[in-house]
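Asks: Attaching a single structure in structure tokens format; questions to follow.
The values are calculated or read from the model by the stated rules, or taken from the named source; none is laboratory data. This one's a predicted model, so the numbers in the text were calculated from it and none came from an experiment. Here the Cβ is made from the backbone with ideal geometry for all residues, glycine too, and neighbour counts use every protein chain on show. In case anyone asks, the SASA skips ligands and DNA or RNA and just uses the protein heavy atoms, side chains included. Shrake-Rupley method; radii C 1.70, N 1.55, O 1.52, S 1.80 Å.
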Amino acid sequence: MLTSTFQIPAYFAHSRHFYYTLIGMDGYYITFNNYFVDKFGIDAAVATATPALHTIHPEDQQLCYDAMQWCIVNPDIPRSIQLRKPAADGTYIHTRWELTYLRPGVDTPDGIVQCIGVDVSSEAEQEKAVTVSRQKASDRELFFEKVLRNSMDVIMLVDPEGKILYTSPNVQQEMGYEPQELIGQAGFSFVHPDDLPHAKEAFERELHFPEFNDSADLRFRRKDGSWCFAEAKARNMLHEPEVNAIIITLNNIELRKNAEQALSESENRYRSFFNNLPLPLLLVRTSNYSIIQFNQAAKEKYGYNADEMETMPLQNLFATPVEPEMLKQVCANGEKVQHRKRNGDIIYVRLEQNSLSDIDPELQLLVVHDVTEMHSREAENIITHELSGILMQSGTMVENLQLALKKIRSFINWELIELWVPVYDYSSIRNDISDFDLYHIKAPALRSFVSATRSGQYAKEIYTNSPAYNVKKPFWIEDLQNDNRLLRKELALSHGFKSVLAQPVLQNGQIICWLLFFSFEAKPKDIHIEKLVATLGTLIGNEIEKRKKNLVLDRFFQISPDIMTIAGLDGRYLRTNPAFAKFIGYSSEEAKSLHPLHYVHPDDRQLVLEKLQGLSYGIPVTYFENRVVTKGGAMKWIAWTATPVQEEGMVIATHRDITEQKMFEQNLKLSNER
């Protein structure tokens, strides 16, 4: 093992976003930062005695080894790879690493490989929204973009002269410029003339004294000519070869500046400004986190009147009790939390904290960002992914659909969900699968309603008159008592239901099933729920149709008089039909255990092997004849065609017994020779 006194750069030593480690030429870890240790549960003593490749998913070890070899051949040039590493809890974390071979030095005579990584576990769902232009960006730009795209701050890299080398994509949202418009521009040209001396002084100080990490409140020119206030923080990373720039962070502080200005002006002007801001604002005293002032938007958001909200503890807005220390952390970090409105509704918010220490050290202005809709979208993505996994399980279609209905009903919080499916010829529809809350206070009524529904089915002349069939669109009944669109209205009312949602599932314009939801509460129409149910219904409909088609194909496979086989790309049989067993004498299970060349006549094996090799490379066989030997020892002739399906890793083939034809041809030839 190689030992080294190489020091981890300060930025990475304390980072909670980047993993940092060094690997010696013997393949063992030299050192790593605390975030690496915490995330992967690495024991320092054990890790430095363990080859680095042994801490990577087995399937990724060769990829990592090849990347390290490439870096050694190409020193100082970073190489980006994605690896799976075991976490402390035993699961695997998807990570992206930038590997760079650092040339030999005093402490590292053989050189070392520097590894900088980030967690990219959630990228799979997010990559759907990545634009075409980002896909064409360079590996280095893509790395920074993935790390910084969710940042609320604008990040810039500048050289020692202040020329802009890179800017994060959110500069367009904050300042109106496209990133490429700023590359190569002088950064000081965007600073307000009155702030320019202060900006240059702070920049020079950071340039020559990196330990200062200077910051300054400056005005920057937007593309439309207006000025925005931002807190500019500089960090000199010129000494870091992987950065070789000064990092400038611009934090938009216009809300803070506006609040400071308003508080410094007359009381009337302050109240007018404060109350008319569209975002909910809370002015709190940090000694006890009590609300001492709020604007109109805050009252409307939470539903409290002025008397109720005055001097209210901030904790009272949280859906669950929050300890004072945790409250301080939530406000400081802008974490997503649950708040409860006066009417009991739960909303998800992020609190943006702005210090008013210039006015009063104990005052803080909290800007409330409602992220409920964003949270709902995230939750919808999760339920869609989970439902897809359920439907793809190896269970029967009924078992999978039962689990799927339970997942949907629990997520949208209705008491009952039904799946109605037409019979094969669409002459009637029936309900075979339902799911309801077994522990609901009205569970007996739910059981009675499901039992009554299952006792019959609706003929075509009845169900085709329903609104969901005629318009082929969903309908939401908010008040069942005053709505006649449900065929079972009287039965549903007698069991206490008040709201109904019917969702037809279509494919190629044809209804293949219906989802019906029932609730004992009056549910106001929610377009988000409608869209989600439509999406989930499509997943269920696709699975039903796929299972139907597979059933038809399976039956055809079983009854076909032609010999049909499905094999892997290596030639071994995965499945054979009854006609195969009748022809060759081997059962399906026996056929799976033997290589196809086992049946081929010895004189034909080389030719057949060549055809099998071609199939493995995607070359179909349009027609080929060869001799086979049956289980009983008889020789027969077959003609066969085969098509490789490489994306599925299999070959589909049909065979025909041409033994009699070959015997006839042979007899005819002998007759002609006489």
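Asks: Tell me, what is the percent relative contact order of the range 545-652, built from C-alpha pairs under 8 Å that lie six or more residues apart? Walk me through the numbers before you get to the answer.
Replies: Working: 162 pairs, mean separation 25.9, N = 108.
Once normalised by length, the contact order is 24 percent.
Asks: Moving on. Around Thr50, which amide H atoms from residues at least 5 apart in sequence, or from another chain, sit under 5 Å from its own amide H, with H modelled in the peptide plane?
Replies: Placed amide hydrogens put Tyr29 under 5 Å from Thr50.
Asks: Could I ask something else about it? By accessible area of protein heavy atoms, probe 1.4 Å, what ranking do Lys406, Lys662 get, highest first?
Replies: Working: Lys406 85, Lys662 45 Å².
Order by accessible area, largest first: Lys406, Lys662.
Asks: Continuing with the same structure: Among Pro109, His239, Tyr29, which residue has its Cα furthest toward the positive end of the charge dipole of the chain, with +1 on Lys/Arg Cβ and -1 on Asp/Glu Cβ?
Replies: Positive-most Cα among the choices belongs to Tyr29.
Asks: A follow-up question, please. Straight-line reach from Lys631: which lysines have a Cα under 27 Å away, not including same-chain ones fewer than 8 places off?
Replies: Lys582, Lys592, Lys611, Lys662
Asks: A further question on this structure: Under a 1.4 angstrom probe, counting protein chains only, how are His198, His54 ranked by accessible area, largest first? Don't skip to the answer; put the middle values down first.
Replies: Numbers: His198 85, His54 130 Å².
Greatest to least solvent exposure: His54, His198.
Asks: Sticking with this structure for a sec: Pick out, from Val158, Ile77, Ser427, the residue whose Cα sits farthest towards the positive end of the charge dipole of the chain, with +1 on the Cβ of Lys and Arg and -1 on the Cβ of Asp and Glu.
Replies: The one lying farthest along the dipole's positive direction is Ser427.
Asks: With every protein chain left in place and a probe of 1.4 Å, what is the accessible surface of Trp70, to the nearest 10 Å²?
Replies: 90 Å²
Asks: When the Cα atoms of the range 489-638 are enclosed in a convex hull and the volume is divided per residue, what value in Å³ results? Numbers along the way, then the final one.
Replies: Working: hull volume 29.9 nm³, N = 150.
Spread over its residues, the Cα hull of the range 489-638 gives 199 Å³ apiece.
Asks: Averaged per residue, what accessible area in Å² does the chain show with a 1.4 Å probe, protein chains only? Before the final figure, lay out each step's value.
Replies: On the way: 36210 Å² over 674 residues.
Ligands and nucleic acids excluded, the result is 54 Å² per residue.
Asks: Please work out the FRET efficiency for the pair His94 and Lys631, using the Cβ-Cβ distance as r and a Förster radius of 45 Å; give the result to the nearest 0.05.
Replies: Values: r = 50 Å, r/R0 = 1.10.
So the FRET efficiency works out to roughly 0.35.
Asks: Between Thr622, Val651, Leu668, whose Cα lies farthest towards the positive end of the dipole of the range 580-674 when Lys and Arg beta carbons carry +1 and Asp and Glu beta carbons carry -1, centred on the Cα centre?
Replies: Leu668
Asks: Would you list, by chain and number, the lysines whose Cα falls below 21 Å from the Cα of Lys473, excluding same-chain residues fewer than 8 positions away?
Replies: Output for Lys473: Lys460, Lys489, Lys498, Lys523, Lys525, Lys531.
Asks: Further, regarding this structure: Just reorder Ser560, Ser287 by solvent-accessible area, largest first, 1.4 Å probe, all chains present. Mind dumping the intermediate values first?
Replies: Working: Ser560 15, Ser287 80 Å².
Output order, biggest surface exposure first: Ser287, Ser560.
Asks: What does the net charge come to around Asn542 if you take all other residues with beta carbon closer than 14 Å to its beta carbon, with K and R at +1 and D and E at -1? All intermediate terms of the calculation are to be shown ahead of the outcome.
Replies: Details: positive: Lys546, Arg547, Lys548, Lys549; negative: Glu543, Glu545.
Computed value for this residue: +2.
Asks: Which FRET efficiency value, to the nearest 0.05, do you get for Asp562 and Met392 by plugging their Cβ-Cβ distance into 1/(1 + (r/R0)^6) with R0 = 30 Å?
Replies: Numbers: r = 31 Å, r/R0 = 1.02.
Rounded to the nearest 0.05, the efficiency is 0.45.
Asks: Additional query: In degrees from 0 to 90, rounded to the nearest 10, what is the angle of the helix 605-616 Cα long axis to the longest principal axis of the chain?
Replies: Approximately 30 degrees, to the nearest ten.
Asks: At 0.36 nm per residue, minus the direct Cα-Cα distance, what do Asp554 and Phe188 gain on full extension? Give it in nm, one decimal, please.
Replies: Numbers: separation 366, 0.36 × 366 = 131.76 nm, distance 7.16 nm.
Gain on stretching Asp554 to Phe188: 124.6 nm.
Asks: If you place +1 on the Cβ of every Lys and Arg, -1 on the Cβ of every Asp and Glu, and leave all else neutral, what size is the dipole of the chain about its Cα centre, to the nearest 20 Debye?
Replies: On the way: 71 positive and 89 negative charges, 612 e Å.
For the chain, the charge dipole is close to 2940 debye.
Asks: Rounded to the nearest percent, how much of the accessible area of the range 303-423 (1.4 Å probe, protein heavy atoms only) is carbon and sulfur?
Replies: Numbers: 3140 of 6260 Å².
Solvent-exposed carbon and sulfur of the range 303-423 make up 50 percent of the total.
Asks: Give the accessible area for Ser410 in Å² (nearest 10); use a 1.4 Å probe, count only protein heavy atoms, and leave out ligands, DNA and RNA.
Replies: Ser410 exposes around 70 Å² with every protein chain in place.
Asks: Tell me, what % of the accessible area of the range 593-674 is carbon and sulfur with a 1.4 angstrom probe? Intermediate values should be presented prior to the final figure.
Replies: Values: 2870 of 5370 Å².
Carbon plus sulfur share of accessible area: 53 percent.
Asks: Next up: Run lengths n ≥ 4 of DSSP H only: what is the helix-derived mean residue ellipticity at 222 nm for the chain, with -39500 (n - 2.57) per run over all residues, to the nearest 500?
Replies: Helix-only estimate at 222 nm: -10500 deg cm²/dmol.
Asks: In percent, what relative contact order does the chain have, based on Cα pairs under 8 Å that are 6 or more apart in sequence? Numbers along the way, then the final one.
Replies: Values: 1121 pairs, mean separation 31.7, N = 674.
So the answer I get is 5 percent.
Asks: With every protein chain left in place and a probe of 1.4 Å, what is the accessible surface of Asp358, to the nearest 10 Å²?
Replies: In the full protein context, Asp358 sits at about 130 Å².
Asks: Tilt of helix 397-412 relative to the longest C-alpha principal axis of the chain, in degrees (0 to 90, nearest 10)?
Replies: Taking the Cα atoms of the chain, the angle to 397-412 is about 20 degrees.
Asks: Working from the alpha-carbon coordinates of the range 299-424, get Rg over Rh, Rh being the Kirkwood radius.
Replies: Working: Rg = 21.3 Å, Rh = 18.2 Å.
On the Cα set of the range 299-424, Rg over Rh gives 1.17.
Asks: Helix 61-73 against the longest principal axis of the chain: what's the angle in degrees, Cα atoms only, rounded to the nearest 10?
Replies: So the helix axis and the longest Cα principal axis differ by about 60 degrees.
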